[in-house]
Each structure stands twice: as C-alpha cells, then as structure tokens.
Amino acid sequence: MALIIDGKKISSEIKDELKDKVSALKKDGIEITLAVVQVGNDPASSVYVGNKKKACEYIGINSLSYELPEETTEEELLKLVEELNQNVKVNGILVQLPLPKHINEDKVIETISPIKDVDGFHPQSVGRLSIGQKGFVSCTPAGIIQLLKRSGITIEGKECVVIGRSNIVGKPMSMLLLRENGTVTICHSKTKNLKEVAKRADILIVAIGKPQFINKEYVKEGAVVIDVGMHRDENNKLCGDVDFNDVVDHVSAITPVPGGVGPMTIAMLMNNCVESLELNK
Ligand code: NAP
C-alpha cells in the first residue's frame, strides 16, 4: 500500500516547531515582522493573504498589512517596497502575486531587498540557490523537500524527474533536488517522449498545471510521486496534475490534493521569516 504523504500533518509540525522558536526569541526580546502587500482584491489572492496572516498570528510573527487599491501605480508600489526595505523593524516583505497587468512584476520583485525576500523570487535568491549559497528558497519547492525528508524518503542518488520548469516551482525544485544529490531531469512542453522520461523517475515531481494529466503510464512501479498541481474538476472538487486514483496502487508514496504540497507553502514562508533573522546578520 502506498504511503499517502500527509502535508497537513507535516506542515502543522513545522509550524509548531517555528512557534516554539519564535516564543524563545521573544523571551530574548527579538520580534519578527512580515509585511504583506496586496494590490487589488482578487478573491484567490485575498484567501492566500488571509491564510498567511493567520499563520503569522499562530506562530507569533507580527504581520503588517498593506491592502492597496487596484489602480495603485507601479511607482507607488515601488515606493512602498523601498520604504519597507528601509524599515529596520520589517524582516520580510511579501508582495502577493499576480499583480494587476499595469505593474511590472519583475521590477517589483527586483526592488525587494534580497535580505527581506521571504518568497525567494529575487534574482539574487535564485542565483544563490543555483550556486549553493545560503539564501531564501522559493516556498513550494522547499516544502516538497521537507515532505520527502520527513517521510523518510532519501533523495541522494535517486533519479528525480521534475515535470515543469516555472520560476516558482520547476526550476527551484530541480536545483534543490540537485543540492540533495539527486540525479535530476527537467521536462517541459517541448520534451520528447515524456512518458519514457517520467518513467525513469524514482521521485517524480509534477508541476505541469494540467488537471489529472499524469496517469500510471507515466509512472514507474514503486516510484514516489509529488503532485504540485491545484485545480477544480468538473464537480468543483480540488484535484492535482496527477490522476491520483489511477496511480495510487502503483506507487510507494504519493501526495494527495488537497492536503499534500498545498499546506507546505505557507509553513515554509513562515520558516523563511524565521530564517530571515539568520540571513540578515
Ligand atoms: P506554469 O508556470 O504554468 O508551468 C507549467 C510548466 O509545465 C511549464 O514549464 C510548461 O512547459 C510545462 N508543461 C505544460 N504542458 C506540458 C506538457 N504537456 N508536457 C510537459 N510539460 C508541460 O505552472 P506553475 O506555476 O509551475 O504551477 C504548476 C501547478 O502547480 C499549477 O497547477 C499550480 O496551480 C500549482 N501550484 C501549486 C502551488 C501550491 O502551493 N500547491 C504553488 C505553485 C503552483 P513550458 O515551460 O515549455 O511552457
């Protein structure tokens, strides 16, 4: 029977560990503050922002909330980010994406000080990850490494195949697996013979953005499958990029959707906020 990797449980463990750390820091008079910036009121973004603030409250991290109107100009947003960069009380800055179309996301990300870049999207954070230096790591892939490690799954020496090469999931995921001494292959929409390549994987990470695309024809028997996808099916039920029911009896471990990778992202954001103290030294 496959191990169903419980992201809800593992993320709760991480949050509880962080809560203890933060409370010990408070006893030494050290506070952590995250600035959360949202532009406009996209309903999905509002849910994510709300969940991030709730997690801060649970762990004991202060959150400063900036809810800006949709018509905020790029200049106004950059000015706020600069102010937050200068504010010594702010350890981390999170600008919720996507931003309205009239604002250049890359420019905003590059304006966030790399020492406050808790999302790990700044080119300097990405570069540090690539060359094996300490820095902030993008939260979803960092969470996947925790899911594997805390489930007792060894990465070293394993054939790891990542399907997807986005800047927020696929690319940093590949770098992290490499850092853990996996043998990594990255697939994308131009990959030929995807089934054969995916079937080589001992650990298959799927971040393709297509509901239930991966069935057991893509999966080696006994592989570990991590499903990053997040969609609503025709019955409005959440599902992933993997056809869970088709694959589950064929694998040694798999993440469900919901309750797999999803809950890890916020836990790792909280972890980055705590690590910011170390990185800001
Ligand atoms: P994305 O930016 O749309 O990237 C998808 C990647 O899949 C691209 O690299 C694309 O290749 C590749 N791809 C598309 N069709 C393919 C095919 N037929 N064969 C092989 N590769 C193919 O998506 P993302 O932002 O990485 O997100 C992926 C999924 O994860 C989405 O469902 C998203 O909602 C979910 N997600 C979940 C979390 C979480 O916290 N759980 C966080 C982030 C994302 P090209 O580069 O060639 O176009």
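The values are calculated or read from the model by the stated rules, or taken from the named source; none is laboratory data. Since the structure is predicted, the reported quantities are computational estimates derived from the model, not experimental observations. Every residue, glycine as well, gets a Cβ built from its backbone with ideal geometry; the counts of neighbours run over all protein chains shown.
Details
- Residues located in segment 132-170, provided they are among the aliphatic types (A, V, I, L, M) and either part of a helix (DSSP H, G or I) or more than 21 Å from D6 (Cα to Cα) (or both): V137, A142, I144, I145, L147, L148, V161, I163, I168
- As a summary of the residue check, I254 satisfies the conditions (1) modelled with pLDDT of 95 or more; (2) on the phi > 0 side of the Ramachandran plot; (3) away from the ligand (no atom under 14 Å from the Cβ) except for the one numbered (2).
- Conditions (1) touching a residue at least 60 places away in the same chain (Cβ under 8 Å); (2) assigned to a loop (DSSP other than H, G, I, E, B); number of the one not met by D249: (2)
- Under the condition of being out of contact with any strand residue (DSSP E or B) (no Cβ under 7 Å at 6 or more places or on another chain) and in a loop (DSSP other than H, G, I, E, B), the residues counted in segment 118-131 number 4.
- Top-ranked residue of segment 171-213 - restricted to ones that are aliphatic (A, V, I, L, M) and more than 21 Å from the chain's Cα centre (by Cα), ranked as surrounded by the most Cβ atoms within 10 Å (Cβ to Cβ): A201
- Hey, S166 within 11 Å of the ligand (Cβ to nearest atom), out of contact with any Phe, Trp or Tyr (no Cβ under 8 Å at 6 or more places or on another chain) and at pLDDT 95 or above or not: yes
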